[in-house]
Amino acid sequence: MTRGVPFHSIYAHDFVRVAVAVPEVALANPAANLRQTLALARRAAQQQAVLVVFPELGLTGYSLDDLFQQEVVLGRAADALLELRSASTDLDPVLVVGLPWRCQGRLFNCAAVVHRGRILGLIPKTYLPNYREFYEKRQFCPAAAAPAAAVEIEGERVPFGNHLLFRAVTVPHFAFAVEICEDLWSPIPPSTFAALAGATVLVNLSASNITIGKAEYRRALAASQSGRCLAGYLYAAAGFGESTTDLAWDGHGMIFENGRLVAETTRFAPQAELALADLDLGRLVQERLRVTSFADTAVAHQSQVGCVQEVAFELALPRGRVPLLRPPERFPYVPSDPAQRHRRCEEAYHIQVTGLQRRLCSTGYDTLVVGVSGGLDSTQALLVAAKTMDRMGLPRSQIRGYTMPGFATSRRTHHNALALMKALGVHAEEIDIRPACRQMLKDLRHPFAQGQPVYDLTFENVQAGERTSHLFRLANQHRALVLGTGDLSELALGWCTYGVGDHMSHYNVNASVPKTLIQHLIRWVLATGQCGEAAAPVLRSILDTEISPELVPGAGRRGRAGERQPAQSTESIIGPFDLQDFHTYYVTRFGFRPSKVAFLAHQAWGEASPSPWPDDLPAAHRHVYDLATIKKWLRVFLQRFFGSSSQFKRSCVPNGPKVGSGGSLSPRGDWRAPSDAEATAWLEELEENVPDR
């Protein structure tokens, strides 16, 4: 956490709030444009932004043509910059504005970086367009023609060049660089080298006019540069007020983070526009650590990267609570947008089915053995198996489904297992494992075998192991593959029986699929009518069943409809999967410290969170969590995930396809860790930095 900043502020967790501003320009009137610039800068400051970017040549207007060679325009533009410098003394944000600037008899299209009464630097445009409607070389010189590395402005020596990087020494990871319009259109934008030198935020002052289709192309360019450079990208284009003699202007402002659009202005607005977004600089830095080609590229282009000159400045951060403008998705593995969620679910099934089909083809087997419990995981595995058989042109009877009731199997899950297998048309059998379990418990001289109600870990694992042992021997008997059912969530929390329990199989299609995504995959099958009328009510019942290992017998509790609930509730032991999947994503995907994960979870799951719910999620499942609850279950997650009781299980998981960009926990893929590590450091960071409310 950033020292001295309260937990409930984004600035304590490596975020910065940035803005793109599109003023209504007054052509050749720098004084009027300065007033617009200051008004927008103050609006951004009130909303606690620390960086505000304005369009190219915004202090004069871009479409002046030969008026840029008029002494009045150039002189008034310089005066406006000096007035902006003076006015910025009581403004916290860094301001980046555009203007023409003379240097030793040459005129440059520049961006000026202004902060708290200082001009931190002037950046000339690197590449000047001189084709179609653009004739910038008629008035301006490119950055390569700069005669000096600094200019004198009223006794102040100001760095001058296209190789400047501005670093806030008081804010971790906040360093930005500036380029201008056409620079982004070039094969190698200058901001590329700044990013390789450490700039996490890239800024583009643009005057790009609008033609049909150009907005989409701009988005693609900015998104691509942001994604390739693993950076934030701020783009501010000229808007209303520019000359429409031959062109039109749409005032397109955009903010990207690692290739994703996070904010955008209203295009063609007749008034000034301001768009704000919170950039996660910590996430960008973590991505750069992981993507080894980023550092390799910096080494390969060291001659250009080494020319980047840092300009340091101190930035005062907003005080008090600063919540995120746009909280993260509650379900990071499940998009809330219906169209995106549909595509995600469809793609997930394609990946799972393709993985299983390839494994069957490579082994020469055409039969599967599946343990069907009537729970979520085995249901998803069975649906994938059915789709795979359909795709391979094989009868679903080649899937041999077995339900194996034990000492605590409920009537509901038992009924659902049988009904689902019948509805999907698979070969269905039932094997009562209780006699075999009693024999093993007797051989072990376990108290249960002598009639004592001792339901310890041995009692539980005898049942889990017996089921898996039966499945493997059935696979031998029928020349089949055992299809695994365990999911990513349970693997992260070590909630699986090692070796001969639900930990092992021949192939596991759910290996990298978290519980929350499995629920939505099943809902998607229902919503798209792919399961058939007979299976639909069974799938709804499975989705409404409380998650339980059903290994310990007991009276249980009454559910909402009055039915008897299992004695064991998985989520009451290891935590709500809603939260634990959230924690898994941000810890494994980005390596965030616990305090940041807790902050993000509270922003997403707190009572005041505006984060949207997936529209297919029933109201009864729309929970909220206060910070104390989040901290409690995050503590459980850290103990189980980083403690040595779980990693050894992840070190030898069966093969299975990686499904989502959120990653997997396979030691052959995304996650490698020692089995004898300690969770102490993570737990201490949680306790030291996360309050209870």
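Grab the DSSP H runs of the chain that are 4 residues or longer, score each as -39,500 (n - 2.57), total them, divide by all residues and round the 222 nm result to the nearest 500 deg cm²/dmol. Spell out each step's value before the answer.
Numbers: 22 runs with 261 residues, N = 693.
Rounded to the nearest 500, it is -11500 deg cm²/dmol.
Just grab the label-to-label distance for Ala149 and Val299, each label 7 Å out from Cα along the Cβ direction, in nm (one decimal).
2.7
May I ask for the net charge around Met504, where only other residues with Cβ less than 12 Å from the Cβ of Met504 are counted and Lys, Arg are +1 while Asp, Glu are -1? Can you show the working numbers first?
On the way: positive: Arg467, Lys649; negative: Asp502.
My count for the surroundings of Met504 gives +1.
Compute the long axis of helix 338-363 from its Cα atoms, compare it with the longest principal axis of the Cα atoms of the chain, and write down the angle in degrees, 0 to 90, nearest 10.
50
How far is it, in nm, from the label point at Cys652 to the one at Asp65 when both lie 7 Å from their Cα along the line to the Cβ?
So the two model labels end up 7.9 nm from each other.
Between Ala248 and Arg321, what FRET efficiency follows from the Cβ-Cβ distance if R0 is 60 Å, with the result rounded to 0.05? Don't jump to the answer; show the numbers that get you there.
Numbers: r = 42 Å, r/R0 = 0.70.
Efficiency, rounded to the nearest 0.05: 0.90.
When the C-alpha atoms of region 626-693 are aligned to their principal axes, what extent does each axis show, in angstrom, from largest down?
Over region 626-693, Cα extents along the principal axes are 42, 27, 14 Å.
Distance in nm between label sites at Phe313 and Thr528, each 7 Å beyond Cα in the beta-carbon direction?
It works out to 5.0 nm between the two label points.
So which of Lys596/Lys658; Lys214/Lys515; Lys387/Lys658; Lys442/Lys515 end up more than 30 Å apart, counting from Cα to Cα?
Details: Lys596/Lys658 26 Å; Lys214/Lys515 42 Å; Lys387/Lys658 18 Å; Lys442/Lys515 36 Å.
Flagged as over cut-off: Lys214/Lys515; Lys442/Lys515.
Could you tell me the extents of region 338-689's C-alpha atoms along the three principal axes, largest first, rounded to whole Å?
Reported extents, whole Å, longest axis first: 56, 54, 45.
Which angle between 0 and 90 degrees, to the nearest 10, do you get for helix 281-290 versus the longest principal axis of the chain when only C-alpha atoms count?
Orientation of helix 281-290: about 70 degrees from the principal axis.
If you average the alpha carbon positions of region 98-146 and of region 320-339, how far apart do those two centres end up, in angstrom?
About 39 Å separates the Cα centre of region 98-146 from the one of region 320-339.
Helix 680-689 versus the longest principal axis of the chain: what is the Cα-based angle in degrees, 0 to 90, to the nearest 10?
For 680-689 against the chain, the angle is about 50 degrees.
Compute the Rg/Rh shape ratio of region 1-66: radius of gyration over Kirkwood radius, all on alpha-carbon atoms.
Working: Rg = 16.0 Å, Rh = 13.6 Å.
On the Cα set of region 1-66, Rg over Rh gives 1.18.
Quick one, which of [x] 1.00; [y] 1.02; [z] 1.08 is the actual Rg/Rh (Cα atoms, Kirkwood Rh) calculated for this model?
[z]
Can you give the extra length, in nm with one decimal, that the chain gains between Glu678 and Ser541 once fully stretched, where that is 0.36 nm per residue apart less the Cα-Cα distance? It would help to have the intermediate numbers written out before the result.
Values: separation 137, 0.36 × 137 = 49.32 nm, distance 4.01 nm.
Stretched fully, the Glu678-Ser541 segment lengthens by 45.3 nm.
Between region 266-296 and region 468-514, what is the C-alpha centre distance in whole Å?
41
What is the distance in Å between the Cα centres of region 397-452 and region 615-644?
31
In straight Cα distance, which lysines are under 19 Å from Lys137, not counting same-chain residues fewer than 8 positions off?
By straight Cα distance, Lys137 reaches Lys125.
Share of antiparallel DSSP beta bridges in the chain, in percent to the nearest 5? Let's see the in-between values first.
Working: 39 of 75 bridges.
Around 50 percent antiparallel, to the nearest 5.
Using the Cα atoms of region 430-581 to build a convex hull, what is its mean projected area in square nanometres?
Numbers: hull surface 43.8 nm².
The Cα convex hull of region 430-581, projected and averaged over all directions, gives 10.9 nm².
Of all beta bridges DSSP finds with both residues in region 10-313, what is the antiparallel percent, to the nearest 5?
Numbers: 38 of 61 bridges.
Once the DSSP bridges in region 10-313 are tallied, antiparallel ones form about 60 percent.
Taking every DSSP beta bridge with both residues inside region 338-689, roughly what % is antiparallel (nearest 5)? Please list the in-between numbers first.
Numbers: 1 of 13 bridges.
DSSP beta bridges in region 338-689 are roughly 10 percent antiparallel.
Would you mind classifying region 183-310 by shape? Square roots of the alpha carbon gyration tensor eigenvalues, ordered a ≥ b ≥ c; an a/c under 1.5 is rounded, otherwise it is prolate if a/b is larger than b/c and oblate if not.
Details: a/c = 2.54, a/b = 1.87, b/c = 1.36.
It comes out prolate by the Cα gyration axes.
Does region 293-388 classify as rounded, prolate or oblate by the C-alpha gyration tensor (a ≥ b ≥ c root eigenvalues; a/c under 1.5 gives rounded; else a/b over b/c gives prolate, otherwise oblate)? Could you put the intermediate results ahead of the total?
Values: a/c = 4.16, a/b = 1.80, b/c = 2.31.
In terms of gyration-tensor shape, oblate.
Shape verdict for region 10-313, please, from the Cα gyration tensor: rounded (a/c under 1.5), prolate (a/b greater than b/c) or oblate.
Details: a/c = 1.31, a/b = 1.27, b/c = 1.03.
Rounded, because the longest to shortest axis ratio a/c is under 1.5.
Just want the answer: with Cβ charges of +1 for Lys and Arg and -1 for Asp and Glu, which residue in Trp613, Gln398, His350 is farthest toward the dipole's positive end in region 338-689?
Farthest towards the positive pole: Gln398.
Expressed as a fraction of 2.2 N^0.38 Å, the rule-of-thumb size for a compact globular protein of N residues, what is the C-alpha radius of gyration of region 49-107?
This ratio for region 49-107 stands at 1.21.
FYI, it's all coordinate maths here, none of it is from the lab. Computed from a predicted model, the values in this text were never measured in an experiment. Positions of Cβ are generated from backbone atoms using ideal geometry, with glycine treated the same way; all protein chains shown enter the neighbour counts.
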